[in-house]
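The values are calculated or read from the model by the stated rules, or taken from the named source; none is laboratory data. Computed from a prediction, not measured in an experiment: that's the story for all the values here. FYI the Cβ positions are ideal-geometry reconstructions off the backbone, even for glycines, and counts take in every protein chain you see. The area values use the complete protein model at the heavy-atom level, side chains included, leaving out ligands, DNA and RNA. Shrake-Rupley method; radii C 1.70, N 1.55, O 1.52, S 1.80 Å.
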Amino acid sequence: MRKALITGITGQDGSYLAELLLEKEYEVHGIVRRAAIEDPEHRMSRIKHLLPRLKLHAGSIESFASIFQVVRQVEPDECYHLAAQSFVAYSFEDEFSTLMTNVNGTHHTLSAIQQIVPSCRFYFAASSEMFGNSQPPQNENTPFRPRSAYGISKLTGYHLVRNYREAYGLFAVNGILFNHESPRRGFEFVTRKISSQVARIKMGLSRELRLGNLDARRDWGHSRDYVLAMWLMLQAGAPDDFVVGTGEGHSVREFLEIAFGLVGLDYRDYVLSDPLYYRPSEIYDLVADPSKAREKLGWKNTCRFEDLVKEMVESDLQNLSSSPH
């Protein structure tokens, strides 16, 4: 039985990836903070249904000793490094912790793998934020121009992965994933902020929704599709880097139109564009060219944009209906 180690297993992608690997009969290990083990009800809600089938280890990517100990104990065949400070807006408020956590966490995990199990295949969650305002559609040859500490931290991780691949022969890949969402998305992200507030407004619990730039365009897919791309990258004959996205761009305004329309409302009656929520350096247009992933991995997205919005809104409506207000 193959063993997989996932950092960030309690997050959106970690939970879908754990489900996928369990379906493929892996022994799935995850690194979680000790606080999560002590309070699983709140901190491990996304993987609660999987807990009897997972092997969890207390640790922190910020501590090399901690990561080294877990890797030595597990000796994984595959390692998926998903853990990060992943909220772009917060990276403007605290550049230092974003850079420290994301850069050091990636370096710690790579180094531990290289020293203990150099045959382990390593996946790094890179990001479309590395492209900044480079001309869309963006592919593996597009210049990187990050415009946030988060984007810079991911670009540093990207180069660390390539360095370990070239210097030490590690099977290490970069998944340059464009925006991917689901009902498990955190509430701080714009898509979940919209879907959850649409549900609250529909049920009379809120009256308005404040957002930043409504005309920013993103390439939005479903997390469930994207974790399959992660797995496929580690099954390839040779390590490589891949852009993963739908190839379609949609604005925040389009997301709002569909989400509010699903409950029979007009977003213009409830949504305010507030300068407070604009980024100091905005990225206007991120759209993937996933041709390489389609051709070399046989991967494709299966969830349409409209269906993704519908799934998120319906899930938040159901969550509100089934819980006390």
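Give me the one-decimal nm value for the distance between modelled label points at L50 and H159, 7 Å along each residue's Cα-to-Cβ direction.
3.3 nm
Between the DSSP loop rule and a limit of at most 15 other Cβ atoms within 10 Å, which GluC sites (Glu not before Pro) in segment 135-227 are left?
Details: sites: E140, E166, E181, E188, E208; in loops: E140, E188, E208.
Taking segment 135-227 and a limit of 15 other Cβ atoms within 10 Å, the loop GluC sites (Glu not before Pro) found are E140, E188, E208.
Based on DSSP H runs of at least 4 residues, each adding -39500 (n - 2.57), what is the mean residue ellipticity at 222 nm of the chain after dividing by all its residues, to the nearest 500 deg cm²/dmol?
Working: 12 runs with 128 residues, N = 325.
Value at 222 nm, helices only, nearest 500: -12000 deg cm²/dmol.
Might you work out the accessible area of R121 for me, using a 1.4 Å probe with all protein chains in place, and round it to the nearest 10 Å²?
70 Å²
When only Cα pairs under 8 Å and 6 or more residues apart are kept, what is the percent relative contact order across segment 160-299?
On the way: 208 pairs, mean separation 46.2, N = 140.
RCO, segment 160-299: 33 percent.
Over all distinct Cα pairs, what is the inverse of the mean 1/r for segment 121-246, reported as the Kirkwood hydrodynamic radius in Å? All intermediate terms of the calculation are to be shown ahead of the outcome.
Working: mean 1/r = 0.0615 Å⁻¹.
The answer is 16.3 Å.
With a Cα-only, solvent-free Debye model of segment 254-306, what are the log10 I(q)/I(0) values at q = 0.13 Å⁻¹?
Calculated log10 I(q)/I(0) at the listed q: -0.61.
Using a simple spin-label model with points 7 Å from Cα along the Cα→Cβ vector, what separation in nm is obtained for K296 and E166?
Label at K296, label at E166, 1.5 nm between them.
Run the quick spin-label model on E314 and R268: label points 7 Å from Cα toward the beta carbon, then report their separation in nm to one decimal.
2.9 nm
Heavy atoms of the protein only, probe of 1.4 Å, neighbouring chains included. What is the accessible area of K300 in Å², nearest 10?
Accessible area of K300: about 140 Å².
Can you bin every Cα-Cα distance in segment 158-209 into 10 Å intervals starting at zero and give me the percent of pairs per bin, rounded to whole numbers?
Values per bin, smallest distances first: 22, 27, 17, 17, 12, 5.
At 1.4 Å probe size, what's the solvent-accessible area of S321? Round to the nearest 10 Å².
About 80 Å², rounded to the nearest 10.
Past 31 Å, Cα to Cα, is the threshold; run K3/K193; K193/K296; K3/K292; K202/K300; K24/K310 against it and keep the listed order. If you can, show how the numbers build up before the last one.
Details: K3/K193 35 Å; K193/K296 35 Å; K3/K292 28 Å; K202/K300 34 Å; K24/K310 28 Å.
Too far apart for the 31 Å limit: K3/K193; K193/K296; K202/K300.
What is the percent carbon and sulfur in the accessible area of segment 218-314, measuring with a 1.4 Å probe over the protein chains and ignoring ligands?
Numbers: 2050 of 4270 Å².
Accessible surface attributable to carbon and sulfur in segment 218-314 totals 48 percent.
Above 23 angstrom, tally the Cα pairs of segment 200-325 and express them as a % of all pairs, no decimals. Kindly include the intermediate steps, with their values, before the conclusion.
On the way: 3668 of 7875 pairs.
Cα-Cα pairs in segment 200-325 separated by more than 23 Å: 47 percent.
Rounded to the nearest 10 degrees, what's the angle between the helix 305-321 long axis and the longest principal axis of the chain, both from Cα atoms, 0 to 90?
The answer is roughly 80 degrees.
Using only Cα atoms and rounding to the nearest 10 degrees, what angle (0 to 90) does helix 149-168 make with the longest principal axis of the chain?
Approximately 20 degrees, to the nearest ten.
Just the accessible area per residue of the chain, please: how many Å² with a 1.4 Å probe? Intermediate results must be reported in sequence, preceding the final value.
Working: 14410 Å² over 325 residues.
Normalised by residue count, the accessible surface of the chain is 44 Å².
Which value, in debye to the nearest 20, gives the size of the charge dipole of segment 175-214 about its Cα centre, when Lys and Arg are +1 and Asp and Glu are -1 at the Cβ? Don't skip to the answer; put the middle values down first.
Details: 8 positive and 3 negative charges, 32 e Å.
Charge dipole of segment 175-214: 160 debye, to the nearest 20.
Computed from the mean reciprocal separation of all distinct C-alpha pairs, what Kirkwood hydrodynamic radius does the chain have, in Å?
Values: mean 1/r = 0.0494 Å⁻¹.
Evaluated on the chain, it is 20.2 Å.
Can you tell me the 0 to 90 degree angle between the C-alpha axis of helix 12-23 and the longest principal axis of the chain, rounded to 10?
Roughly 60 degrees between the two axes.
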